[in-house]
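The values are calculated or read from the model by the stated rules, or taken from the named source; none is laboratory data. Please read these numbers as outputs of a predicted model, since none were measured by experiment. In this analysis, Cβ positions are derived from the backbone assuming ideal geometry, glycine residues included, and neighbour counts consider all displayed protein chains. Note: areas computed on protein heavy atoms with side chains; ligands, DNA, RNA excluded. Shrake-Rupley method; radii C 1.70, N 1.55, O 1.52, S 1.80 Å.
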Amino acid sequence: SAVISQKPSRDICQRGTSLTIQCQVDSQVTMMFWYRQQPGQSLTLIATANQGSEATYESGFVIDKFPISRPNLTFSTLTVSNMSPEDSSIYLCSVGVFADSNQPQHFGDGTRLSIL
Amino acid sequence: GQQVMQIPQYQHVQEGEDFTTYCNSSTTLSNIQWYKQRPGGHPVFLIQLVKSGEVKKQKRLTFQFGEAKKNSSLHITATQTTDVGTYFCAGKWGGSNYKLTFGKGTLLTVNP
């Protein structure tokens, strides 16, 4: 399966600032996704990162707050903008290798974000 | 929106006991996937079930998909301390939608 590197692994940020999280895959993948996992909770899909076009956001998530880039088939970024303590969470990148809706997703190690 | 309900939320067992977690959808799923997340780790794919009534086994783990494709279960026989973690089901509904909807997960702890 694909090897996924996420940076940073953790960060502590001041409220009102922004942080960009990077997701790098060691091979070309078709699908890239960004999830949020609040402490002790399940995973919630933020958006699907589309190569060369705007990301597809889920209900409750907007581009102004979570801008996403995907310049190629191996890399994506998620920015958490104007952070507040409610944004403290784990942010996970996942990938689907093939253009097949019946396929597993492979996750990066996540970014543990704390907002003071 | 579509949801997958998962129970129980927590399960504590003695090593050697069996464990089962259940997932349920009110509407028919196209497939369901199971993931395991160790404490401090990221979710790791375990299995995917696609067919009605499908049963798959991985060593001590048995996965089932209901006949109506609305429910699924994961059963672990004779738990070991290495089984500790949160088990998530993730459902997908019809069409070419790639979106997975995760259940709330079951946190399994095992007393040695």
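Structure summary
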read-out	value
Output for the range A:36-51, where each listed residue is open to solvent by less than 30 Å² (accessible area, probe 1.4 Å) and touching a Phe, Trp or Tyr at 6+ places or on another chain (Cβ under 7 Å)	A:S42, A:L43, A:L45, A:I46, A:A47, A:T48, A:A49
Selection count, the range B:13-44, where residues are under 15 Å from B:T79 (Cα atoms), under 16 Å from the mean Cα position of the chain (by Cα) and of a type outside the set (K, R)	4
Of residues in the range A:52-78 being more than 14 Å from every other protein chain (Cβ to nearest Cβ) and of a type in the set (G, A, S), the one surrounded by the most Cβ atoms within 10 Å (Cβ to Cβ)	A:S76
Flag if A:Q37 is of a type outside the set (G, A, S), more than 10 Å from chain B (Cβ to nearest Cβ) and within 27 Å of B:G1 (Cα to Cα)	no
Residue within the range A:106-113 that is open to solvent by less than 40 Å² (accessible area, probe 1.4 Å), part of a strand (DSSP E or B), in contact with a Lys or Arg (Cβ under 9 Å, 6 or more places away or on another chain) and modelled with pLDDT of 95 or more present	yes
Test set (1) in contact (Cβ under 8 Å) with a residue 24 or more places away in the chain; (2) assigned to a strand (DSSP E or B) - B:Q48 fails condition number	(1)
Residues of the range B:61-88 classified as outside any strand (DSSP E or B) and either farther than 11 Å from B:T20 by Cβ or in contact with a Gly (Cβ under 7 Å, 6 or more places away or on another chain) (or both), total	12
Restricting the range B:10-31 to residues that are modelled with pLDDT of 95 or more and either within 11 Å of chain A (Cβ to nearest Cβ) or open to solvent by less than 30 Å² (accessible area, probe 1.4 Å) (or both), the residue that is farthest from A:L43 (Cα to Cα)	B:V13
Residues (free of Cβ contacts under 8 Å to residues at least 60 places away in the same chain, more than 9 Å from every other protein chain (Cβ to nearest Cβ) and of a type in the set (S, T, Y)) located in the range A:79-116	A:S88, A:S89
Among (1) more than 16 Å from B:T109 (Cα to Cα); (2) within 14 Å of chain A (Cβ to nearest Cβ), the one test that B:Q37 misses	(1)
Matching option when the condition is surrounded by fewer than 17 Cβ atoms within 10 Å (Cβ to Cβ) and among the basic types (K, R), among B:K57, B:K104, B:K36	B:K57
Condition broken by A:M83, with the remaining ones in (1) within 13 Å of the chain's Cα centre (by Cα); (2) within 25 Å of B:G41 (Cβ to Cβ); (3) at pLDDT 95 or above; (4) open to solvent by less than 50 Å² (accessible area, probe 1.4 Å) satisfied	(1)
